[in-house]
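> Here's a structure for you.
The values are calculated or read from the model by the stated rules, or taken from the named source; none is laboratory data. Please read all numbers here as calculations on a predicted model, not as lab measurements. All Cβ positions, even for glycine, are placed from backbone atoms using ideal geometry, and neighbour counts span all protein chains on display.
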Amino acid sequence: MTTAFTKQTTIPITELEQSAFCQTDGNLRTKTLEEEFAAGVRWQKVPTRYLKLTPEEIAEGIEFARNEIGEKAVLLGHHYQRDDVIQYADFTGDSYKLSKMAAETKDAKWIIFCGVHFMAETADILTSSDQNVLLPNMAAGCSMADMATATDVSDCWDDIESVLGTTDQVIPITYMNSAAAIKAHCGKNGGLVCTSSNADKAFDWALERGEKILFLPDQHLGRNTAIAKGISEDDMAVWNPFLPMGGLSEEEIKHAKVILWQGHCSVHTRFTVDQIDAAREKNSETTIIVHPECTQEVVAAADMYGSTEMILDTIAKAPAGTSWGVGTEISMVRRLAAENPDKDIFCLDPVVCPCATMYRIHPAYVLWVLEGIMAGLAINRIEVEPETQRNAAVALQRMLEIAG
Ligand code: 13P
Ligand code: SF4
């Protein structure tokens, strides 16, 4: 089964599904698919034989398939994947590192992307046409990426042009967490892609070429990066795609140096300044480190901020005995704590809550796509259509060039 899927695919997360995975007792045990479906998830359907498989049966199946397929398959895992998936990854990384790896993976015919839809699309754009990128569960999207649709972004661009008379001086930057069509819009219009590890360089690149930035779709990463560049909040405006003209006046559009799309990450906006205060009250020696998808107040209150890779690296290199309050996704924080038993590492949010869309990659889905490969089937192949791919590649190459 080949599925040419270029549109955004996220099945919206229901409250029931989110609450099925948010735990106050610290328990994040991977259940059988049947149990997870019973807990209220609405993921892509898989053949019934996968529903009741035990973790041991899945592990045996994956090991067998990997041996049969050999080096023709590479499994990439984003840091937010659950441990039960990460254990099978050949390479792990943040969005930037994984996109570079995909671009450098020349020999693998099959790239199994354990992450979310926009990451698999990016891998497809950066790899050759004889390589197949598979996303084990098509429902693994990103709710933030879905907040910017191609139509809304195109309407916004036209509106800005109607106010300014031209968009020549407006440079669009899209966060990696966006659909391929949004990346293509940026490529076509003199802009680029960034990730949380190179947003500052993307701002420099853009401001050397234009007077204004349209930043998509995460307002928080955009605001945090702009503030770090010395741009005042008075020189930023937030574009609400649900309102005519983004809810802005002509004056506001003309004045803004940075127009921020009104998108956010539902995981990172859970972190609060109160949680930081509580962590410091417990231990005044704790260092607070957060992801830049957190709100500006949280980033300002933290001691440090950076991409997932930066957080991992900083804590791994820290001296034994240090204490770290971390503001990012729980699967990564718990793995970090397990890998650094000589340090006190905890998540700022007392409720254990994974990214519900990342969590949609279950080991049984990994087995399903691997068994498909053995049978000569490209299950859940992500194929970005050629024109979108060409334009998006321009924006991605600009990022790869500035980020090195
Ligand atoms: P990075 O991988 O760029 O740190 O981003 C985190 C994230 O939210 C991925 O969806
Ligand atoms: Fe999207 Fe946030 Fe999940 Fe990242 S953590 S995939 S931005 S919802």
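> Give the stretch 298-333 a look and list any residue that's surrounded by fewer than 22 Cβ atoms within 10 Å (Cβ to Cβ) and either among the hydroxyl-bearing types (Ser, Thr, Tyr) or touching a Cys at 6+ places or on another chain (Cβ under 6 Å) (or both), or say none.
Within the stretch 298-333, THR314, THR322, SER323 meet the criteria.
> With ALA120, ALA140 as the choices, which residue is touching a Gly at 6+ places or on another chain (Cβ under 8 Å), touching a residue at least 40 places away in the same chain (Cβ under 8 Å) and within 14 Å of ligand 1 (Cβ to nearest atom)?
Just one listed residue meets the conditions, ALA140.
> Tell me the helices (runs of 4 or more DSSP H) entirely within the stretch 235-318 that contain at least 2 residues that are modelled with pLDDT of 95 or more and farther than 30 Å from VAL333 by Cα.
250-255
> Taking strands (runs of 3 or more DSSP E) that fall entirely within the stretch 20-116, which contain at least 3 residues that are buried (at least 17 other Cβ atoms within 10 Å of the Cβ)?
73-78, 110-114
> Which of the residues that make up the stretch 344-391 are of a type in the set (Val, Ile, Thr), under 22 Å from the mean Cα position of the chain (by Cα) and assigned to a helix (DSSP H, G or I)?
VAL366, VAL369, THR388
> Go through LYS201, LYS188, LYS229, LYS183 for me and flag whichever is at pLDDT 95 or above, within 16 Å of ligand 1 (Cβ to nearest atom) and surrounded by fewer than 23 Cβ atoms within 10 Å (Cβ to Cβ).
LYS201
> Name the residue that is modelled with the lowest pLDDT, counting only residues in the stretch 319-343 that are acidic (Asp, Glu) and in a loop (DSSP other than H, G, I, E, B).
Here the residue is GLU329.
> With the checklist (1) at positive phi; (2) touching a Leu at 6+ places or on another chain (Cβ under 6 Å); (3) modelled with pLDDT of 90 or more in hand, flag the one item GLY40 doesn't pass.
All conditions are met except number (3).
> Look at the stretch 179-190 and say how many of its residues are farther than 11 Å from LEU396 by Cβ and either in a loop (DSSP other than H, G, I, E, B) or more than 16 Å from ligand 2 (Cβ to nearest atom) (or both).
6
> Is it the case, given these coordinates, that ASP159 is surrounded by fewer than 24 Cβ atoms within 10 Å (Cβ to Cβ) and in a loop (DSSP other than H, G, I, E, B)?
Judged against the criteria, ASP159 is not a match.
> Touching a residue at least 24 places away in the same chain (Cβ under 8 Å), polar (S, T, N, Q) and in a loop (DSSP other than H, G, I, E, B): does that describe SER154?
Taking the combined requirement at face value, the residue does not satisfy it.
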